[in-house]
Amino acid sequence: MSPSSADSIALDGSSSDLSRQFYYRAKANDSVAQVRLNSVPDTVLSRLDDLKLDWSKLPGLAQLALLWDSGFAINSKYDAVQTWTLGDHDMATLALTLDEYEAAGCLPKNCTEPDDTIMYESRYCNGAQMNNAAKCVVQDFDDGGSYHAAMWGIGGNSESAPTLRMVKHEWDQAGNSYEIMVLHTVTSDNEPGWDGCPTSNMNGGYGSLVFPCRTTANITAENKEQMKDVTGSPWVSEWLVADYKDTARADSSGFNKLLLVPIILGALVILSLIGLVFYCKKKRQQRSLTEYEESSTGETPTILHDGLVQLS
């Protein structure tokens, strides 16, 4: 299945419908490296199992589309980090428009892209304003460093595939400490620092989509009530099956080998528990025998290696 023309989007870095952008790049015969992850999320593996597809056989663009459509981005340590939408939003509507950004009380900076369109990025906006404008929540993680780049932006090169780079921005301002999760759609080498415009060797001189999310470490009771799990889009599943059912088919058994890891670990835990039960039972029997013999004969029994009992 392909997205209908009514569902098409402008590839100008203004939409968070990134799965559709990955789809368009795949259809244009573009390619990126397969995704590097420490662990593929269980929800993604389960979805692939239903589709009878193998994660390791999917091309990079398809992997990225599936990750985002399932509610995940990637941090600097190659962990998949979960994203929840707020209210009526979904993964395609998380980006902030210029009007929404300014309505939060924030001031933008603008630059001119190579095709003479105007890109925008955050210039003056504090953490409280960013949090209030955010339409999503991201699982908290330790990023292990600071990152000084825009936390909001509109712009993009329609000929390049976005990234799913989730960065934790932390800073102190006017006696307040702020933490904001931010989705960056280009690599750090292709992104200017705060209050800068991209040079010609940064994403071809184009801007990029950037938008904030709250961290789970700083959410309100209202946020918790509004948080929704991402369920995925039928069209993404249908596209993956239509285009990759032959090249990325799972084993004939339909079983995803990556699911063996938790199964093996679970079996080892069960075997360890069984061994512990038998050990405790044997010790308990030995203690009971000792107590009985001491009380009845006044002698301490010794259990020999062949199971016989010797009184001493």
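The values are calculated or read from the model by the stated rules, or taken from the named source; none is laboratory data. Owing to the predicted nature of the structure, the values given are computational and were not obtained by experimental measurement. Here the Cβ is made from the backbone with ideal geometry for all residues, glycine too, and neighbour counts use every protein chain on show.
Structural remarks
- Taking the criterion of being more than 17 Å from M130 (Cα to Cα) and surrounded by fewer than 14 Cβ atoms within 10 Å (Cβ to Cβ), the residues of segment 88-112 that qualify are D88, T112.
- All conditions in (1) over 18 Å from W235 (Cβ atoms); (2) surrounded by 17 or more Cβ atoms within 10 Å (Cβ to Cβ) hold for R47, with the sole exception of (1).
- Residue match in segment 134-152 (condition: more than 25 Å from I219 (Cβ to Cβ) and of a type in the set (G, A, S)): no
- Answer residue from segment 116-144, given it is without any contact (Cβ under 8 Å) to a residue 40 or more places away in the chain and over 29 Å from V230 (Cα atoms) and is farthest from the chain's Cα centre (by Cα) among those: D116
- In segment 98-109, the count of residues that are more than 24 Å from A250 (Cβ to Cβ), under 18 Å from the mean Cα position of the chain (by Cα) and not in a loop (DSSP other than H, G, I, E, B) is zero.
- Answer residue from segment 146-166, given it is surrounded by fewer than 21 Cβ atoms within 10 Å (Cβ to Cβ) and closer than 20 Å to Q82 by Cα and is nearest to the chain's Cα centre (by Cα) among those: R165
- Enumeration of residues in segment 10-49 that are more than 20 Å from the chain's Cα centre (by Cα) and not polar (S, T, N, Q): A10, L11, D12, G13, Y24, R25, A26, K27, A28, D30
- Hits in segment 170-204 - residues which are buried (at least 22 other Cβ atoms within 10 Å of the Cβ) and assigned to a strand (DSSP E or B): I180, M181, V182, L183, H184
- Long-range neighbours under 6 Å by Cβ, at least six apart or interchain, first residue over 12 Å from L209 (Cα atoms) within segment 145-167, second small (G, A, S) and at pLDDT below 95: H148/G193; A149/G193
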